[in-house]
Structure formats: structure tokens, C-alpha cells
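Sharing a structure below in C-alpha cells format, with a few things to ask.
The values are calculated or read from the model by the stated rules, or taken from the named source; none is laboratory data. Model, not experiment: these values are computed from the prediction. Neighbour counts are summed over all protein chains in view; Cβ atoms, including those assigned to glycine, are modelled from backbone coordinates with ideal geometry.
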Amino acid sequence: MNENEQLIHKFYTAFAKADAKTMCECYHNAIQFQDPAFGKLNGNDACQMWNMLMEKSKGNIKIEFSDITADNFSGSAKWIATYNFSKTNRKVINEIHAQFQFRDGLIVNHIDYFDIWKWSKQALGFKGLLLGWTGFMQKQIQKQAMTSLQNYIKTHS
């Protein structure tokens, strides 16, 4: 396992232990994170997102990861998060493909890809089933996620 593969492994091992501090130590100061739920986050906002998610889950999140590959510049992994969505208490099993770019021995770019419609059907139920595939609903999901993050950052600054 090369250094960047070890770094990805460290990131997900910390995630599985709900250790957002160690996760953030894997990120470069110039981190850019993106996923379908939060959209694009830069710098400390990405770390605050992980802090918020770990706090909201209260340790009730299961993380499984596999297929870690990396070279000197980029890498990828597959991971599955199993948890109850905090707003509805509905069980979610989210299968994610992550891509990474590295700088100075740290993750500088992290993009998580997952099916937002599949996620919304699980997290939101019938409403997600009917509307989760629409651009409107996907923008609402991002807006709500960002509002939660902004509120979290305000109360934890």
C-alpha cells in the first residue's frame, strides 16, 4: 500500500470510528469537497461538515470501505454508510464512490458520487420516491444540507 492509499485508509478508518478530527487531519488546508447532498465545500467548511455529521449520528453510523487505489496524484475508494437520517429517522444505506486528488501528502480534492434519488427514497420516503429525481428536489436537499451546516458552524465557532 503506497502513502496515498494509506492516507485514504486512515481517513475511512477514522470515519468508521466517528473521529472527525483525524479525518480532517487527512485534508489539505485548501481542501475542496463535493457531493450531491452538500454541493461544493471549501476549506474548513468540509471539516465542519464531517464534525456535524458525526455529532448528529451520535456514533450510530456504520462505515464500510473497499477498493482503495491511489498513485502520486489521484485515488479512489468505494464506501457504504448505513445510518438513520436525522430528520426522518429512516434507515439509509448509501453506496458511494469517492475520488481524491493529493497535494503535499494530503487530500486536496474529495468528490463523493452517489445516486441522490436512491438516497432520497430511503431518507425521505414517499416524497423522495416521487420527487427525488427532480432538479427541484435535489436543489432543496442541497439547500437544507447547507442551512444545517451554516447553523452548525455558527453555533460551533
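Out of the residues in segment 84-105 that are assigned to a loop (DSSP other than H, G, I, E, B) and of a type in the set (D, E, K, R), state the one that is nearest to Ala30 (Cα to Cα).
Asp104
Something else: Quick check: is even one residue across segment 66-81 surrounded by 14 or more Cβ atoms within 10 Å (Cβ to Cβ) and at pLDDT below 95?
The answer is no; no qualifying residue exists.
Let me ask another. Let me confirm something: among Lys87, Lys10, which residue is of a type in the set (Lys, Arg), loosely packed, with under 13 Cβ neighbours inside 10 Å and more than 13 Å from the chain's Cα centre (by Cα)?
Going through Lys87, Lys10 in turn, the sole match is Lys87.
On to the next question. Looking at Met146, Met137, which is the one that is surrounded by 15 or more Cβ atoms within 10 Å (Cβ to Cβ), on the phi < 0 side of the Ramachandran plot and either at pLDDT below 90 or of a type in the set (Phe, Trp, Tyr) (or both)?
Met137
Yes/no per residue for (1) closer than 17 Å to Ala37 by Cα; (2) free of Cβ contacts under 8 Å to residues at least 60 places away in the same chain; (3) in contact with a strand residue (DSSP E or B) (Cβ under 9 Å, 6 or more places away or on another chain); (4) of a type outside the set (Phe, Trp, Tyr):
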| position | (1), (2), (3), (4) |
| --- | --- |
| Ala70 | no, no, yes, yes |
| Asn84 | yes, yes, yes, yes |
| Lys87 | yes, yes, no, yes |
| Lys91 | yes, yes, yes, yes |
| Asn94 | yes, yes, yes, yes |
| Phe102 | no, no, yes, no |
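So, in segment 26-83, of the ones that are among the polar types (S, T, N, Q) and assigned to a loop (DSSP other than H, G, I, E, B), which residue ends up nearest to Ser148 (Cα to Cα)?
The extreme case among them is Asn60.
Let me ask something else about it. When segment 35-51 is examined, which residues are found to be surrounded by 17 or more Cβ atoms within 10 Å (Cβ to Cβ) and within 23 Å of Lys121 (Cβ to Cβ)?
Asp35, Pro36, Ala37, Phe38, Met49
What about Lys17, is it at pLDDT below 95, loosely packed, with under 15 Cβ neighbours inside 10 Å and not hydrophobic (A, V, I, L, M, F, W, C)?
yes
Which number in (1) in contact with a Gly (Cβ under 7 Å, 6 or more places away or on another chain); (2) under 26 Å from Ile8 (Cα atoms) marks the one condition that Trp79 misses?
(1)
For Ile93, which of the numbered conditions (1) modelled with pLDDT of 85 or more; (2) surrounded by 15 or more Cβ atoms within 10 Å (Cβ to Cβ) fails to hold?
Only one criterion is unmet by Ile93, namely (2).
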